[in-house]
Amino acid sequence: MSKNCKTDIAIIGAGIVGLAHALSAAKRGFSVKVFEREEKAIGASIRNFGMIWPIGQPFGKLYSRALNSRKIWIETAQSSDFFLDQVGSIILAYKEDEYQVMKEYCDLSKFKNSSAELLSIKQIFNLSPYVLSKGLIGGLWSPTEMIVDPREAIKKITILLKNKYGVEFNFGTTVSSVEPNLVVTSDGNKINTKKSIICSGADFESLFPQEYKKFHTTKSKLQMLRTISQPKNFKLGPALCSGFTLTHYDSFAECSSINSLKDRYKKEFPFAIENGIHIMISQNGLGEIILGDSHEYGLTFDPFNNEEINKFIVDQVKSFISLPSIEIASRWNGIYPKLIGGTELIKEVDDSILIVNCLGGAGMTQSFGLAEEIAEEYLNF
């Protein structure tokens, strides 16, 4: 990159939010340069389940956006040849109050363009024969959920953007300032832009910290685990969740029984509630099982993982699924940005600078759809 150059769109951050906006802009014929201070994406975008998760989104704008993202994920996977498994999801009910929330959700979904439905025990076993039957009452099936391996997907989307759309990536490049129609890097390069889009993830401090302070922003630290590859003949099938998931996602907030379910969990599982734990598992293209996760909120976190959280997650997984191997190959944590009381932070600093951040835990699910909305509204020059 020359000392002084130009581009239509400069994007700061090469995680899924930045990549989605690069794709949306490039498809519209804009020249795009992406700046990432690390040598590759290493943040929350590669430290998640790889779940595209429409069922977690409330009906209305967010659910529609998630379905649009889903469509773009499918198209992008076909173009990039990365693993994408349209497996759907099942939330399992082992208690009557969990099943009651599921019934209420299905009643609501009949009027909301949703294909979710209740499953009998037999239907669950047909889709996922390794689910444990003891105490099982039924489940909530949704066909819209998909699984990618985020490590692979992020890498291959980057390659697609380079090769097919001519997007220029500047890895290992720190942006020191963003000014009206100008991006300045720490090595002295100046890039004239029509629009700069800041997608800096959990970094609230480097660019426009005063803007983040105007909003109720925070961060979430999560803990996750990954098993060794399961035997080749083992197929998990749908992503599986325990009843904790019903209390985690806003999509179930309209269900009249949700508060009584939360009250029971607070009494029976105080450790899980205190640590924001809900239990989900998925299988990636390497045959590994991804387990998680917990949620700790704040702006500064202890760098060490809590092994008691990991143990609780593993024990809960063992309570509803029989895996050939539960041997853990990797443990890690991730930190994602969140807007308290909102679903994303969209802030115009001026006509040429836009902050897009704080999608919470829905970055994989929402980014492509949100980027399309952003392009329609803000890239109209």
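Our summary gives segment 1-123 a relative contact order of 15 percent, counting only alpha carbon pairs under 8 angstrom and 6 or more residues apart. Surface composition of segment 106-147: carbon and sulfur atoms hold 56% of the protein heavy-atom accessible area at a 1.4 Å probe.
Contact order, relative form, for segment 225-380: 25 percent (alpha carbon pairs under 8 Å, 6 or more residues apart, mean separation divided by residue count).
Test of the criteria: in segment 258-362, which GluC sites (Glu not before Pro) are in a DSSP loop and have at most 12 other Cβ atoms within 10 angstrom of their Cβ?
Details: sites: E268, E274, E288, E296, E307, E308, E327, E344, E348; in loops: E288, E327, E344.
Here the sparse-neighbourhood loop sites are E327.
Between helix 307-318 and the chain there is an angle of about 50 degrees, using the helix long axis and the longest principal axis of the Cα atoms.
Compactness check for segment 253-293: Cα Rg over 2.2 N^0.38 Å is 1.56. Summarising the overall dimensions of segment 41-105 from its C-alpha atoms, the Rg and Dmax are 15.0, 44 angstrom. Projecting the Cα atoms of I191, S80, P54 onto the charge dipole of the chain, computed from C-beta unit charges around the Cα centre, puts S80 farthest toward the positive end. The base-10 log of I(q)/I(0) for segment 1-81, evaluated at q = 0.20, 0.27 Å⁻¹, reads -1.09, -1.33 [Debye formula, identical scatterers on Cα atoms, solvent excluded].
Each label was represented as a point 7 Å from its Cα along the Cα-to-Cβ direction; for N113 and S64 these points are 0.6 nm apart.
Percent relative contact order of the chain, based on C-alpha pairs within less than 8 angstrom and at least six residues apart? Intermediate values should be presented prior to the final figure.
Working: 782 pairs, mean separation 103.0, N = 381.
Answer for the chain is 27 percent.
Report, in cubic angstrom per residue, the convex hull volume of the C-alpha atoms of segment 76-220. Don't jump to the answer; show the numbers that get you there.
Values: hull volume 30.8 nm³, N = 145.
Dividing the Cα hull volume of segment 76-220 by its residue count gives 212 Å³.
Among K219, K267, the sequence by solvent-accessible area, most first, with a 1.4 Å probe is K267, K219.
Measuring nothing but alpha carbons in the chain and taking Rh as the Kirkwood radius, the Rg to Rh ratio lands at 0.98.
Rounded to the nearest 20 debye, the dipole size of the chain about its Cα centre is 560 debye, using +1 on the Cβ of Lys and Arg and -1 on the Cβ of Asp and Glu. Principal axis extents of the Cα atoms in segment 139-196, from largest to smallest and rounded to whole angstrom, are 56, 25, 20. Computed as a quarter of the hull surface, the mean projected area of the alpha carbon convex hull for segment 273-381 stands at 9.8 nm². DSSP bridge analysis restricted to the chain gives an antiparallel fraction near 70%, rounded to the nearest 5. Accessible surface area normalised per residue over the chain is 43 Å², counting heavy atoms of protein chains with a 1.4 Å rolling probe.
What's the long-distance tail for segment 223-283, i.e. % of Cα pairs beyond 13 Å? Please report the intermediate quantities before stating the final value.
Numbers: 1259 of 1830 pairs.
The proportion of pairs with Cα distances above 13 Å equals 69 percent.
Each residue of segment 211-345 gets 137 Å³ once the volume of the Cα convex hull is shared out per residue.
The values are calculated or read from the model by the stated rules, or taken from the named source; none is laboratory data. All figures in this text were calculated on a predicted structure; none of them were measured in a lab. Counting neighbours? That spans all protein chains shown, and the Cβs are built from the backbone with ideal geometry, glycine included. Only protein heavy atoms, including side chains, enter the accessible area calculation; ligands, DNA and RNA are left aside. Shrake-Rupley method; radii C 1.70, N 1.55, O 1.52, S 1.80 Å.
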